[in-house]
1. Separation between the residue 86 and residue 10 pseudo-spin-labels, each 7 Å from Cα along Cα→Cβ, expressed in nm?
2. Reported to two decimal places, what Rg/Rh ratio describes region 11-85 when computed on Cα atoms with Rh from the Kirkwood expression?
3. I'd like the FRET efficiency for residue 99 and residue 19, computed as 1/(1 + (r/R0)^6) with the beta carbon distance as r and R0 of 25 Å, rounded to 0.05.
Amino acid sequence: MGSHVIESSFCPVYHQAVELIGRRWTGAILRSMLAGATRFSDITASIPSLSDRLLSERLKELESHGIVTRTVIPYTPVRIEYRLTEKGQALSDVVEAISVWGETWLKPANHDGWSATADEHDPLVDAYEPEPMSVR
């Protein structure tokens, strides 16, 4: 991955991919699902401050792009499960690389010497305690 040469300043495929996975909360949703969350309530419980409305919207987008499948389990009460498709699972290395990059470069001032100005702090990042990610 590190030896790849970027041949031009703009690539429409790269731009489309970044716009898709870079939408607000989409990366966190993907990370939660890669860690094993399959039910709507599991995903919301794993991501602080994510509203039900926005999660529903993002899951529909991911489903329309073939990254997530939605399955209705016809028991009483009806249950809905979301699973990453092969296309979604293929994002695991990308999500892990972004996690490593963030741990290295976006740590708040109280972690290992990274120094940020007050307006660069994000309350979610400041409160974050990293946990190892294991893809299921």
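Here, each number is a calculation from the coordinates, and none is a lab measurement. Treat the numbers as computed from the prediction; the structure is a model and nothing was measured. Glycine gets a Cβ as well: all are built from the backbone with ideal geometry, and neighbour counts include every protein chain shown.
1. Between residue 86 and residue 10, the simple spin-label model gives 3.4 nm.
2. Values: Rg = 12.8 Å, Rh = 12.9 Å.
Radius of gyration relative to Kirkwood radius: 1.00.
3. Values: r = 20 Å, r/R0 = 0.80.
Rounded to the nearest 0.05, the efficiency is 0.80.
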